[in-house]
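Working notes for the structure below.
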Amino acid sequence: MDTLTKYNLQRSLGYRMTYVARLNERRFEGLIAEHDLSRLAWCVLCALEYEDLSRPSDIADFIGVDRAAISRVIGQMESKGLITRRLISGDARARAIEITALGRERLAGGTAAAADNAEHLRAQLTVEEYAALDAIMTKLMKGDGSPLKGL
């Protein structure tokens, strides 16, 4: 009979990375909720405004979520007046997403919240620790074939 080696879940790297990510997400979600945005909606607005993306599939790939999640959030965002959808000429099924003035206003508030959240994380590390963590995260993401831009 095989004996199981005790596994210390809370000391494992994956668990701790996930835990820290969740702490970061919860803090950020609390900050952007003040601007009536979810984290995913803010990411969509960033993709539209800062990355010049307009197709839902491109936005999903950029953010790193599935197309069903993007479809749901786009519907919610459209009903709130943050975005509009328009037909793409030459393709009766394809839609392009555009940010509205209200979307830009909320994006500005969300971006300020993101900067505040990023500073909160940076403040917990020395300059050297932050640089090392950034390099390590970049290396780990590239090693998994991350499609994220700018790495």
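For the range 77-129, enumerate the residues that are among the charged types (D, E, K, R), surrounded by 11 or more Cβ atoms within 10 Å (Cβ to Cβ) and assigned to a helix (DSSP H, G or I).
78, 104, 105, 106, 116, 122, 129
So, in the range 4-49, of the ones that are surrounded by 11 or more Cβ atoms within 10 Å (Cβ to Cβ) and among the β-branched types (Val, Ile, Thr), which residue ends up farthest from residue 120 (Cα to Cα)?
Looking at residues that are surrounded by 11 or more Cβ atoms within 10 Å (Cβ to Cβ) and among the β-branched types (Val, Ile, Thr), I get 44.
Which count do you get for residues in the range 14-40 that are in a helix (DSSP H, G or I) and touching a residue at least 60 places away in the same chain (Cβ under 8 Å)? Before the answer, list the steps.
We begin by selecting, within the range 14-40, every residue in a helix (DSSP H, G or I); these are 14-33, 39-40.
Still in the running and touching a residue at least 60 places away in the same chain (Cβ under 8 Å): 24, 27-28, 31-32.
Residues flagged as in a helix (DSSP H, G or I) and touching a residue at least 60 places away in the same chain (Cβ under 8 Å) within the range 14-40 amount to 5.
Tell me yes or no: at least one residue of the range 11-33 is modelled with pLDDT under 95, farther than 23 Å from residue 118 by Cα and touching a Ser or Thr at 6+ places or on another chain (Cβ under 7 Å).
No, there is no match, as no residue in the range 11-33 is modelled with pLDDT under 95, farther than 23 Å from residue 118 by Cα and touching a Ser or Thr at 6+ places or on another chain (Cβ under 7 Å).
Just checking, does the range 53-66 include any residue being touching a residue at least 24 places away in the same chain (Cβ under 8 Å), in contact with a strand residue (DSSP E or B) (Cβ under 8 Å, 6 or more places away or on another chain), open to solvent by 80 Å² or more (accessible area, probe 1.4 Å) and within 19 Å of residue 107 (Cβ to Cβ)?
Within the range 53-66, one or more residues are touching a residue at least 24 places away in the same chain (Cβ under 8 Å), in contact with a strand residue (DSSP E or B) (Cβ under 8 Å, 6 or more places away or on another chain), open to solvent by 80 Å² or more (accessible area, probe 1.4 Å) and within 19 Å of residue 107 (Cβ to Cβ).
When residues of the range 42-52 are filtered for being touching a residue at least 60 places away in the same chain (Cβ under 8 Å) and within 14 Å of residue 65 (Cα to Cα), how many remain?
Here the count works out to 1.
The values are calculated or read from the model by the stated rules, or taken from the named source; none is laboratory data. Predicted, not measured: the structure shown is a model, and the values here were computed from it. Backbone-built Cβ (ideal geometry, glycine too); neighbour counts: all protein chains shown. Each accessible area value is taken on the protein alone, full model and side chains, heavy atoms only, with ligands, DNA and RNA left out. Shrake-Rupley method; radii C 1.70, N 1.55, O 1.52, S 1.80 Å.
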